[in-house]
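Remarks on the structure that follows.
The values are calculated or read from the model by the stated rules, or taken from the named source; none is laboratory data. It should be emphasised that the depicted structure is a prediction, and the values quoted were computed from it without experimental measurement. Glycine also receives a Cβ, built like all others from the backbone with ideal geometry; neighbour counts cover every protein chain displayed.
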Amino acid sequence: MKVCGVDLKGNDAIICLMSLQDNLFELPECRVRKLSIYDATSAEQLKKFQFDFTKLMDDYQINNIVIRERFTKGKFAGGSVGFKLEAAIQLIDNLNVELVSSAKIKEIGKRVRFPENFKETGLKQFQEQAFITAYAYLNR
């Protein structure tokens with residue numbers, strides 16, 4: 001099973017591709033680490049973001065997207081641009097998009113150990129939350 005973990009921060013959708021086959025995890029190379037939008041008020045920019053995301057998933061043959069859920073209220077609430085990006089991803093046809101809460105990720109982390117040394121994955125530090133989201137999803 002191939003998945004794309006997504007962590008939405010500001011105007012960026014940070015991604016991590018991961019696959020699980022025969023109980024072995026693989027982090028395939030990806031030409032993009034994050035997709036950004038520069039003007040969230042522009043419908044054209046949102047459509048371009050959606051097209052780029054769809055093309056990326058098609059190119060890597062990914063059907064399952066898992067997005068780290070953000071709070072809607074409070075000190076750690078997600079911004080409006082992030083929710084627009086989330087909606088743009090959720091509305092893509094032929095993709096299975098799921099949201100995973102931080103509480104669910106913590107619960108899974110109690111049963112399954114996350115890799116202790118993230119640096120050994122070869123991913124950039126800013127991709128860690130997307131990696132953890134994908135890892136938790138595959139171990140649910």
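Tabulated results
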quantity: Selection count, segment 100-130, where residues are modelled with pLDDT of 85 or more and either among the polar types (S, T, N, Q) or under 13 Å from K34 (Cβ atoms) (or both); calculated: 11
quantity: Criterion (out of contact with any helix residue (DSSP H, G or I) (no Cβ under 8 Å at 6 or more places or on another chain), more than 17 Å from G5 (Cβ to Cβ) and surrounded by 12 or more Cβ atoms within 10 Å (Cβ to Cβ)) met by exactly one of K48, K55, K73; calculated: K48
quantity: All positions within segment 88-130 that are out of contact with any helix residue (DSSP H, G or I) (no Cβ under 9 Å at 6 or more places or on another chain), among the hydrophobic types (A, V, I, L, M, F, W, C) and within 27 Å of T54 (Cβ to Cβ); calculated: F126, A130
quantity: Qualifying positions in segment 26-45 - outside any loop (DSSP other than H, G, I, E, B), out of contact with any strand residue (DSSP E or B) (no Cβ under 7 Å at 6 or more places or on another chain) and surrounded by fewer than 16 Cβ atoms within 10 Å (Cβ to Cβ); calculated: A43, E44
quantity: Residue within segment 77-90 that is surrounded by 15 or more Cβ atoms within 10 Å (Cβ to Cβ), part of a loop (DSSP other than H, G, I, E, B) and at pLDDT below 90 present; calculated: yes
quantity: Residues that are more than 13 Å from the chain's Cα centre (by Cα), among the charged types (D, E, K, R) and under 16 Å from M57 (Cα atoms), drawn from segment 1-46; calculated: E29, R31
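Rundown of residues vs (1) of a type outside the set (D, E); (2) closer than 25 Å to F114 by Cα, yes/no style:
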| position | (1), (2) |
| --- | --- |
| M18 | yes, yes |
| L27 | yes, yes |
| K34 | yes, yes |
| A43 | yes, no |
| Q50 | yes, no |
| F53 | yes, no |
| L56 | yes, no |
| E69 | no, yes |
